[in-house]
1. Return a yes/no flag: does region 305-321 have any residue that is in the same structural domain as Tyr73 (by TED's automatic domain parsing), in contact (Cβ under 8 Å) with a residue 60 or more places away in the chain, surrounded by 20 or more Cβ atoms within 10 Å (Cβ to Cβ) and of a type in the set (A, V, I, L, M).
2. For region 228-261, what are the residues that are farther than 17 Å from Gln282 by Cα, part of a loop (DSSP other than H, G, I, E, B) and modelled with pLDDT of 95 or more?
3. Just for region 207-252: of the residues that are in contact with a Gly (Cβ under 9 Å, 6 or more places away or on another chain) and of a type in the set (Gly, Ala, Ser), which one is farthest from Val334 (Cα to Cα)?
4. Pick out, from region 44-161, the helices (runs of 4 or more DSSP H) lying fully within it that include 1 or more residues that are touching a residue at least 12 places away in the same chain (Cβ under 8 Å) and under 30 Å from Gln325 (Cα atoms).
5. Can we say Ala246 is without any contact (Cβ under 8 Å) to a residue 60 or more places away in the chain, of a type in the set (Gly, Ala, Ser) and under 30 Å from Lys67 (Cβ atoms)?
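The values are calculated or read from the model by the stated rules, or taken from the named source; none is laboratory data. Computed from a predicted structure; not experimentally measured. Neighbour counts run over all protein chains shown; Cβ positions are idealised from the backbone, glycine included.
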Amino acid sequence: MASIRDIARQAEVSPGTVSRVLNNDPTLSVAKDTRTRIHQIAQDLQYQKSTRKNKSIQIITYASRAKEMSDPYYREIRLAIEAEVKRLNLSLKRTLRIDDQQNQINLHKVENAGAIIVIGNFSVDALNELKSHNPNMVVINNPNTPKSIDAVYSDLNDAMIELLDCILAQGLTSIAYVGGHHTIRGLDGITTTNATDVRYQAYRSWCKQHKIEEYVLLLGWEKKHGEDAVKRFLNKANDFPEVFIAGNDMLAIGILQQLQTSKKIIPEEVKLISFNDLEVIQYATPSISSVHIPVDEFGRTAVRMAEERINKTRQIAIHVVAEAQLKARTTFQV
């Protein structure tokens with residue numbers, strides 16, 4: 001590729017003069033024929049001006065501002081993204097939200113970003129539409145992301161199967177799963193509700209394979225839903241689970257508190273395991289065992305993948321599967 005020095009050598013002028021001519025510097029005093037000669041040589045050498053890299057990252061999220069502030073899952077991802085953006089000397093634009101309050105996305109802002117990081121259960125059509133406006137795109141924690149789009153997530157199917165095998169190895173077969181329904185959102189803000197949570201599907205498949213009775217309550221993802229789940233099981237006189245698996249940490253806290261209120265002895269009478277292992281459960285008493293989903297690594301990895309796209313050091317889309325590990329604490333010991 002031709003450089004300014006190559007043009008200067010042929011035009012017999014200084015590189016500084018070439019640079020100022022090609023950048024149309026109005027303060028430069030140079031003969032018209034010299035200016036013409038420089039432009040002609042640049043054209044003959046197929047010179048291309050280097051463009052300044054757009055190092056900005058645009059987050060597009062499923063979560064409202066209130067949800068992001070109250071839900072540690074979204075908060076920890078954002079903190080990890082912010083830290084990595086700062087470390088790599090990138091910049092972070094104001095977050096675009098497609099939530100219950102805001103259902104119109106500014107696609108002009110999507111196009112003007114150096115790269116976009118998408119957080120939440122967006123539809124495949126929505127992801128493909130975003131990619132058409134900015135190919136430098138990374139999706140966090142959505143295993144349904146098309147293979148042509150960068151993504152980072154954990155394999156929750158395998159994590160659930162490994163957890164259930166671990167529980168069964170201790171001779172425990174009365175296992176309840178408490179979770180909620182997921183919603184998939186389009187760019188127009190319209191949502192569809194479904195029960196296809198990967199953990200729930202894996203639990204049902206495992207129970208069927210091992211001919212074990214299912215105990216499932218899909219009430220929601222908040223602390224109160226965990227409390228309600230325990231109350232419902234308590235109303236079944238002789239049908240109380242030996243183990244509760246909570247789909248997230250907030251559910252686990254609700255389950256734990258209701259078990260304690262009901263005078264259940266943990267872990268002797270009933271055991272509890274959650275998913276995510278966010279900071280919020282570290283302060284629970286007794287300490288809650290949890291399958292650690294590395295959301296901080298999701299954020300860091302997504303930023304690094306976005307930087308590769310900005311710098312054009314990688315052209316092939318990749319999916320990064322981050323390991324999910326059981327962190328055994330008081331409520332369930334391995």
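1. Looking for residues that are in the same structural domain as Tyr73 (by TED's automatic domain parsing), in contact (Cβ under 8 Å) with a residue 60 or more places away in the chain, surrounded by 20 or more Cβ atoms within 10 Å (Cβ to Cβ) and of a type in the set (A, V, I, L, M), one finds at least one in region 305-321, hence yes.
2. Correct list: Pro241, Glu242.
3. Checked region 207-252; the qualifying residue farthest from Val334 (Cα to Cα) is Gly220.
4. Filter on region 44-161 gives 65-70, 72-87, 124-133.
5. When the stated conditions are applied, Ala246 does not pass them.
Here is a yes/no grid of residues against (1) at pLDDT 95 or above; (2) crowded, with 20+ Cβ neighbours inside 10 Å; (3) under 30 Å from Arg232 (Cα atoms); (4) within 17 Å of the chain's Cα centre (by Cα):
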| residue | (1), (2), (3), (4) |
| --- | --- |
| Asn106 | no, no, no, no |
| Asn112 | no, no, no, no |
| Val124 | no, no, no, yes |
| Val138 | yes, yes, no, yes |
| Leu164 | yes, yes, yes, no |
| Ser174 | yes, no, yes, no |
| Gly186 | no, no, no, yes |
| Gly189 | no, no, no, no |
